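Asker: The structure's right below; bear with me while I get my questions together.
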2 protein chains.
Amino acid sequence: MAKPKKTPRPTAQTPKGFRDYFGTDVTDRAEMLQKIAGVYHRYGFDALESSAVETVEALGKFLPDVDRPNEGVFAWQEEDGDWLALRYDMTAPLARVYAQHRNDLPNPYRRYTMGPVWRNEKPGPGRFRQFYQCDADTVGTASMAADAEICAMLSDTLEAVGIQSEDYVIRINNRKVLNGVMEVAGLAGDDKEAERGIVLRAIDKLDRLGPDGVRALLGEGRKDESGDYTKGAGLGEAEADIVMGFMDAKRDTGPDTVARLSELVQGSDIGAKGVAELEEIAALLDAAGYGPDRIVIDPSVVRGLGYYTGPVYEAELTFDVQNEKGQTVQFGSVAGGGRYDDLVKRFTGQEVPATGVSIGVDRLLAALRATNRIGTTEQGPVVVTVMDRDRMADYQRLVALLREADLDPDNPSLGKIRAEVFLGNPRNFGNQLKYADKRNSPVAIIAGDDEWERGVVQIKDLVLGAELAQTATQEEWKERPQQEEVAECDMVEAVRRLLQKHAEHRQVMDKLNQ
Amino acid sequence: MAKPKKTPRPTAQTPKGFRDYFGTDVTDRAEMLQKIAGVYHRYGFDALESSAVETVEALGKFLPDVDRPNEGVFAWQEEDGDWLALRYDMTAPLARVYAQHRNDLPNPYRRYTMGPVWRNEKPGPGRFRQFYQCDADTVGTASMAADAEICAMLSDTLEAVGIQSEDYVIRINNRKVLNGVMEVAGLAGDDKEAERGIVLRAIDKLDRLGPDGVRALLGEGRKDESGDYTKGAGLGEAEADIVMGFMDAKRDTGPDTVARLSELVQGSDIGAKGVAELEEIAALLDAAGYGPDRIVIDPSVVRGLGYYTGPVYEAELTFDVQNEKGQTVQFGSVAGGGRYDDLVKRFTGQEVPATGVSIGVDRLLAALRATNRIGTTEQGPVVVTVMDRDRMADYQRLVALLREADLDPDNPSLGKIRAEVFLGNPRNFGNQLKYADKRNSPVAIIAGDDEWERGVVQIKDLVLGAELAQTATQEEWKERPQQEEVAECDMVEAVRRLLQKHAEHRQVMDKLNQ
């Protein structure tokens, strides 16, 4: 008889470019986003969660980033012929939401949103096809006060998640100034759009390519290390000088920078308008208490996206970290945004001015974790071990006692004791302690026949045990008690004491590591 | 000259069956999920966020619900030929994650997860193609203590979000008991699988069809109101009696119910095993303090899904609400789950026992909101109005003062004052007050030339204004001051006083409405 044909087993694997998040990866992010949402809310921004799926028509088929026109979205066709797609950012859905609901929304409309977006790009190291974005935008006002407010809010946000004012800077620039510079350099007019795009992207790469690389792109073009050739904007010497001067226009004080920019755009109306907008934003921020120690005018910020029409801004973390090559580098950009006036027009024909910021959630979280500003105190649950399978009801009773108990009766807001009973095969007790170790448990509760008879439990300090195992001499090991016997009615209090001792110890260690 | 052809404007519309969530729809849900996560965490469950996208192969192509085999997933083909899809629930991804990462995960593995899932179903009223699920599962243990623990945790969860113990009940049953009943009724054996499925789904519809309808489905079949005929399981009178007796086996106490079930499955080993499991769970829950006032054995609970293999459980809210037809009905089920042993086997060939619960997030949130248990105190921001566009920096300064101020200096955990400046066109002051009204603002700050000169601001109580407009006689209107003039340096304190007065007033009203 022929063997029945087996269906091959499916592979248990995330699709390429996707990943799973476990434990504190999830909760640290949630904690950070909650703090951010708190600031946004305080500024009068309302939450919005649009559907993850949009019609391709509403979304626009491709990313607006002109640098990568061929990268797209995850899309599929419905039975009725419509094409749907996963959102690739939060701005395109905002435009759709605003156009759809504008009669019911307050005007201006301030909204924040946080959630995953999807990009159908080639995945690479550290480059995923699903990641979080956290955006705040104000739609329906051309007032520079809206841009200033978002920069102030970004500053408050960074400080709310634990970044001190000396560890970040928010840089502001204005696209109109850049357009003025281009006009002066002879790149005005519809027929020069391609050249303007090349200049924009060249400036955006200053960090990576250095002045010489940018200069090459402003002129004939540039061959990179791999031999690939990128066509340049074709500017002459004098014109390229003007653009290079723009990037170099930052002076020690805001007013000095503004004065230098004014010189550079002389004769261009749009340039003068941009300079005036920068001045206005700086004055508003100053009045609200956000001085140049936090927010500065910096002409080298241009932001790659083509759709910005006025102020652009970027938040950079200035502390050092090790990069993947082991080099010490500034952490760099974690958020950016700017003013855009055309997105809603696609739907309504009306120009609706808007400005907004997007926080790179994964990068900001990585920064907080790299510097021990979040996730430093996570600890596993107390594990109630099982010596006798038939007494499971008693073990459940113990674990329920722990879970009902406040960590600190004087401060109930700290929550209750985290605890679980061992649910695996209890036969091998060593496995239970290995399990507790994998769970990062601070404390194990042990009770067998002898203990039940005498109405006591053993409380084992797993943190002390782990530390002694690493550092202690045999003498110390013997002297310091890792295990304590207490009456059952004293268990909660004894566990509480141990957990508090651990918490104090951790706080000291965290301080040392920061 | 021919007009240039215009690209037609895209329609600003969520795709059919999708929706956007605004403001408190988002924040109330987040608040509820945070409370739930707190309980799960306390029970030793770890967070997991798997990717929203899975390979179709890993996911299994269709919903496991045998009642709806043709409903599927949103799927698309990659350039390399692979098919990807959006997850349709949280259980299939858990199976994939566990199979993929099992060597790194603790064993047993307790995890919780919350997020959207997507169903490619025909949308209908109140039936969306993207919705939230919140699941907790324990993978890798056959112990009934795992099932008992999840039921206890579900009870704690409902109480943590504000449902009192008299307002819900968790019902437990066991599929093995049902299988025993089927065996006794002559439906054992592989060749009777279709009939067993019919019986399962018939029982699950008891609420909707009543005993007569179920009885018809156990026998020859049933014609519904629309004339559609559903084939029955073909049981004879005596056999159908046994099944009907099973659904009716609930007695006043748990032990009595168990005794009745024992009688019904007499002669069936699997049935006896199921009864023993129910007894064990009941004993464990009793020891942990969860008595029949919260969790009961109820044979009418079967859960439609085919994959359950042991205990099944369901949480029902017992208070009355008005349904869409205006009838008063019990709110009904908000969560359910059970034990399933086959899901991971698809990947590894190994049988890995698991049990878990899924909370219907939207339904539970609707229940909390319908009974004023959440979202009753949301209020808009203080709005600083703009009388003089040129003084925007001063208005920004005022709004910054408010935002930096604690709502209650004695209790900083309450957060700071929510405030915004009006960013629309300030010319028409009436529009600013209309805007404040749309924002549900409690207080407006007003300052024009006269006020700036004298160093004062006007503080307008918008809540009082709104209430007076609804209820007051003209006399009262005049007597109660809606507007107060204070020195600028006293603004924060005056706003704080007003907000506290409003908060106390709201608390009284919320209590009355509950």
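The values are calculated or read from the model by the stated rules, or taken from the named source; none is laboratory data. Bear in mind the structure is a predicted one, so any value in this text is a computation, not a measurement. Glycine gets a Cβ as well: all are built from the backbone with ideal geometry, and neighbour counts include every protein chain shown.
Asker: Could you list, in sequence order, all residues of segment B:80-127 that are at pLDDT 90 or above, more than 9 Å from chain A (Cβ to nearest Cβ) and surrounded by fewer than 17 Cβ atoms within 10 Å (Cβ to Cβ)?
Answerer: Hit for segment B:80-127 is B:N103, nothing else.
Asker: Still on this structure: Any idea which of (1) of a type outside the set (S, T, Y); (2) within 10 Å of another protein chain (Cβ to nearest Cβ); (3) touching a residue at least 24 places away in the same chain (Cβ under 8 Å) is the one B:Q77 doesn't satisfy?
Answerer: Answer for B:Q77: the failing condition is (3).
Asker: Determine, yes or no, whether A:N372 is over 28 Å from A:K501 (Cβ atoms) and either assigned to a loop (DSSP other than H, G, I, E, B) or in the same structural domain as A:R110 (by TED's automatic domain parsing) (or both).
Answerer: Considered against the rule, which asks whether it is over 28 Å from A:K501 (Cβ atoms) and either assigned to a loop (DSSP other than H, G, I, E, B) or in the same structural domain as A:R110 (by TED's automatic domain parsing) (or both), A:N372 comes out as no.
Asker: Now for a separate question. Wholly within segment B:140-205, which helices (runs of 4 or more DSSP H) include no fewer than the required count, namely at least 1 residues that are under 22 Å from B:Q330 (Cα atoms) and in contact with a Leu (Cβ under 9 Å, 6 or more places away or on another chain)?
Answerer: B:144-160, B:193-204
Asker: Before we move on, is B:V275 touching an Asp or Glu at 6+ places or on another chain (Cβ under 7 Å) and under 22 Å from B:C151 (Cβ atoms)?
Answerer: For B:V275, the condition - touching an Asp or Glu at 6+ places or on another chain (Cβ under 7 Å) and under 22 Å from B:C151 (Cβ atoms) - is not met.
Asker: Looking at (1) touching a residue at least 24 places away in the same chain (Cβ under 8 Å); (2) part of a helix (DSSP H, G or I); (3) in the same structural domain as A:M509 (by TED's automatic domain parsing), find the lone condition where A:M387 falls short.
Answerer: Among (1) touching a residue at least 24 places away in the same chain (Cβ under 8 Å); (2) part of a helix (DSSP H, G or I); (3) in the same structural domain as A:M509 (by TED's automatic domain parsing), the lone unmet condition for A:M387 is (2).
Asker: When you look at A:V382, is it over 30 Å from B:Q13 (Cβ atoms) and at pLDDT 90 or above, yes or no?
Answerer: yes
Asker: Kindly list the number of the only condition in (1) assigned to a loop (DSSP other than H, G, I, E, B); (2) of a type outside the set (A, V, I, L, M, F, W, C); (3) more than 9 Å from chain A (Cβ to nearest Cβ); (4) more than 27 Å from the chain's Cα centre (by Cα) that fails for B:G430.
Answerer: (1)
Asker: Looking only at segment A:384-410, count how many residues are facing chain B (nearest Cβ under 8 Å), of a type in the set (A, V, I, L, M) and under 38 Å from the mean Cα position of the chain (by Cα).
Answerer: The qualifying residues number 2.
Asker: Also, quick follow-up: Output yes when any residue across segment A:47-61 is modelled with pLDDT of 90 or more and over 19 Å from B:P15 (Cβ atoms), and no when none is.
Answerer: So far as segment A:47-61 goes, yes, one or more of its residues are modelled with pLDDT of 90 or more and over 19 Å from B:P15 (Cβ atoms).
Asker: Another one. Pick from B:T348, B:T355: which is assigned by TED's automatic domain parsing to the domain that holds B:N107 and either at pLDDT 95 or above or more than 30 Å from B:V139 (Cβ to Cβ) (or both)?
Answerer: The conditions single out B:T355.
Asker: Can you tell me which of (1) facing chain A (nearest Cβ under 10 Å); (2) within 23 Å of B:Q483 (Cβ to Cβ) is the one B:S413 doesn't meet?
Answerer: So the condition that B:S413 fails would be (2).
Asker: Could you list, in sequence order, the residues of segment A:472-492 that are exposed (fewer than 14 other Cβ atoms within 10 Å of the Cβ), under 44 Å from the mean Cα position of the chain (by Cα), modelled with pLDDT of 65 or more and more than 13 Å from A:I445 (Cβ to Cβ)?
Answerer: The one that is exposed (fewer than 14 other Cβ atoms within 10 Å of the Cβ), under 44 Å from the mean Cα position of the chain (by Cα), modelled with pLDDT of 65 or more and more than 13 Å from A:I445 (Cβ to Cβ): A:P481.
Asker: If you don't mind, there's one more thing I want to ask. On the basis of being modelled with pLDDT under 95 and on the phi > 0 side of the Ramachandran plot, does A:G415 make the cut?
Answerer: So A:G415 fits the description; yes.
Asker: Within the set of pairs 6 or more residues apart or between chains, which connect a residue that is farther than 19 Å from A:T24 by Cβ inside segment B:26-54 to a residue that is in a helix (DSSP H, G or I) and of a type in the set (D, E, K, R) with Cβ atoms less than 9 Å apart?
Answerer: Here the result reads B:D28/B:R369; B:R29/B:D362; B:E54/B:R96, each pair linking segment B:26-54 to a residue that is in a helix (DSSP H, G or I) and of a type in the set (D, E, K, R).
Asker: Looking only at segment B:448-456, decide whether some residue is touching a strand residue (DSSP E or B) at 6+ places or on another chain (Cβ under 8 Å), in a helix (DSSP H, G or I), more than 19 Å from A:R42 (Cα to Cα) and more than 10 Å from chain A (Cβ to nearest Cβ).
Answerer: The answer is yes; a qualifying residue exists.
Asker: How many residues does segment B:162-183 hold that are among the hydrophobic types (A, V, I, L, M, F, W, C) and surrounded by fewer than 20 Cβ atoms within 10 Å (Cβ to Cβ)?
Answerer: 1
Asker: Just give me the residues in segment A:27-38 being among the β-branched types (V, I, T) and either in contact with a Lys or Arg (Cβ under 7 Å, 6 or more places away or on another chain) or more than 8 Å from chain B (Cβ to nearest Cβ) (or both), in sequence order.
Answerer: Answer for segment A:27-38, where residues must be among the β-branched types (V, I, T) and either in contact with a Lys or Arg (Cβ under 7 Å, 6 or more places away or on another chain) or more than 8 Å from chain B (Cβ to nearest Cβ) (or both): just A:I36.
Asker: Which members of segment A:251-281 meet the condition of being of a type in the set (A, V, I, L, M, F, W, C) and touching a residue at least 40 places away in the same chain (Cβ under 8 Å)?
Answerer: A:L261, A:L264, A:V265, A:I270, A:A272, A:V275, A:L278, A:I281
Asker: Could you tell me how many of the residues in segment B:320-331 are out of contact with any strand residue (DSSP E or B) (no Cβ under 6 Å at 6 or more places or on another chain) and either modelled with pLDDT of 90 or more or not in a strand (DSSP E or B) (or both)?
Answerer: 4
Asker: Now for a separate question. Within segment A:39-61, restricting attention to residues that are in a helix (DSSP H, G or I) and at the interface with chain B (Cβ under 7 Å from one of its Cβ atoms), which residue is surrounded by the most Cβ atoms within 10 Å (Cβ to Cβ)?
Answerer: Looking at the filtered set, the residue picked out is A:A58.
Asker: Can I ask one more? Among the listed residues A:A288, A:A335, identify the single one that is more than 23 Å from A:A202 (Cα to Cα) and assigned by TED's automatic domain parsing to the domain that holds A:Q133.
Answerer: Every option except A:A288 fails the conditions.
Asker: Scan segment A:458-466 and tell me whether some residue there is of a type in the set (A, V, I, L, M, F, W, C), modelled with pLDDT of 95 or more and assigned by TED's automatic domain parsing to the domain that holds A:A503.
Answerer: Taking every residue of segment A:458-466 in turn, at least one turns out to be of a type in the set (A, V, I, L, M, F, W, C), modelled with pLDDT of 95 or more and assigned by TED's automatic domain parsing to the domain that holds A:A503.
Asker: How many of the residues in segment A:359-375 are within 30 Å of B:D156 (Cα to Cα) and surrounded by fewer than 18 Cβ atoms within 10 Å (Cβ to Cβ)?
Answerer: Within segment A:359-375, residues that are within 30 Å of B:D156 (Cα to Cα) and surrounded by fewer than 18 Cβ atoms within 10 Å (Cβ to Cβ) number 1.
Asker: Residue check: is B:P69 farther than 29 Å from B:A367 by Cβ, at pLDDT below 90 and not aromatic (F, W, Y)?
Answerer: yes
Asker: Same structure again: Please determine, by comparing only the residues of segment B:10-36 that are part of a loop (DSSP other than H, G, I, E, B) and β-branched (V, I, T), which one is farthest from the chain's Cα centre (by Cα).
Answerer: Restricting to residues being part of a loop (DSSP other than H, G, I, E, B) and β-branched (V, I, T), the top hit is B:T11.
Asker: Among the residues of segment A:242-295, which ones are of a type in the set (G, A, S), buried (at least 17 other Cβ atoms within 10 Å of the Cβ), within 14 Å of chain B (Cβ to nearest Cβ) and outside any helix (DSSP H, G or I)?
Answerer: If the condition is that a residue be of a type in the set (G, A, S), buried (at least 17 other Cβ atoms within 10 Å of the Cβ), within 14 Å of chain B (Cβ to nearest Cβ) and outside any helix (DSSP H, G or I), then A:A288 is the only one that fits.
Asker: Can you name the residue in segment A:302-357 that is farther than 15 Å from A:L154 by Cβ and acidic (D, E) and, of all such residues, is farthest from the chain's Cα centre (by Cα)?
Answerer: A:E351
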